[in-house]
1. Take the conditions out of contact with any helix residue (DSSP H, G or I) (no Cβ under 8 Å at 6 or more places or on another chain), at pLDDT below 95 and within 30 Å of residue 158 (Cβ to Cβ) and apply them to residue 194. Does it pass?
2. Take the conditions more than 18 Å from residue 186 (Cβ to Cβ), in contact (Cβ under 8 Å) with a residue 24 or more places away in the chain and crowded, with 16+ Cβ neighbours inside 10 Å and apply them to residue 73. Does it pass?
3. Kindly provide the set of residues from the range 150-172 that are more than 18 Å from residue 276 (Cα to Cα), in contact with a helix residue (DSSP H, G or I) (Cβ under 7 Å, 6 or more places away or on another chain) and not in a helix (DSSP H, G or I), ordered by number.
4. Between a residue in the range 81-95 that is on the phi > 0 side of the Ramachandran plot and any residue that is at pLDDT 95 or above, which pairs come within a Cβ distance under 7 Å, given they are 6 or more apart or on different chains?
5. Is it the case, given these coordinates, that residue 228 is surrounded by fewer than 21 Cβ atoms within 10 Å (Cβ to Cβ) and modelled with pLDDT under 95?
6. So, residue 127, is that one within 30 Å of residue 32 (Cβ to Cβ) and either surrounded by fewer than 21 Cβ atoms within 10 Å (Cβ to Cβ) or assigned by TED's automatic domain parsing to the domain that holds residue 190 (or both) or not?
7. Those residues that are under 18 Å from residue 251 (Cβ atoms) and in a strand (DSSP E or B), I need them from the range 178-201; list them, please.
8. I'd like to check which helices (runs of 4 or more DSSP H) are fully inside the range 202-277 and have at least 3 residues that are under 19 Å from the mean Cα position of the chain (by Cα) and under 28 Å from residue 96 (Cα atoms).
């Protein structure tokens, strides 16, 4: 990897790599922690098969969060077609206020409101293209550019049956039956536990976003999709937020988008979860 990484970095003035450490946990990109001859440590993500705008889109998401978030967001140093270089956050153990800080920090991010849903560019959730046109109607945005886009793709790939598709279309057309009107706020967009990182000082950081202006409840919902965050996180968030107390009742609707995405990315093991959501809301 050293020569390959040097080929990436040296032309941009980052010097030679003295030490490299492969970092696990990712399923889309290859990740490395690099110590340079300058004494600086950086974090490198590489994907030779990524779409040409993949890492540029990630960079825009990180920059958008960094402008608004009280939580630490890694600074992007360089984003090119097949790699992104960021500051190295280090790795530590959560401090005593970790979950409280995360809850209050996310609530603060969700207080940043916008007049429209969407984002300045399309980006990626995992490796799936995420369309982010500017739309005033959040129900239309979630229907067309989250549920229907991915359910149609899943059907075209023969991952769901026509009956599944029709029932998802029915749910998508009746979102107002369950979801309250919400202002568009800046959200992480892919907020599971693997995308919250503990830095060397024990503080929570947000990484690997698929950011857009969307529903705060959708961000919270995903924190429960693959195992809940610590209870203190939710108590802290709700203590400083105007989020409706019954938001969990709607979580499966929001998470249907991510389940469809995981079905497309990783295969049929997610189909049962999708059908459970469909059954509940049709």
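1. Yes; evaluated as a whole, the condition is true for this residue.
2. no
3. Residue satisfying the conditions is 157 alone.
4. Partner pairs satisfying both residue conditions: 90/199; 90/200.
5. yes
6. Against the criterion (within 30 Å of residue 32 (Cβ to Cβ) and either surrounded by fewer than 21 Cβ atoms within 10 Å (Cβ to Cβ) or assigned by TED's automatic domain parsing to the domain that holds residue 190 (or both)), residue 127 qualifies.
7. Result: 185, 187, 196.
8. It comes to 216-222, 231-240.
The values are calculated or read from the model by the stated rules, or taken from the named source; none is laboratory data. As the structure is a prediction and not an experimental result, all values here were calculated from the model. Ideal geometry is used to build each Cβ from the backbone, glycine not excepted, and the neighbour counts take in all protein chains shown.
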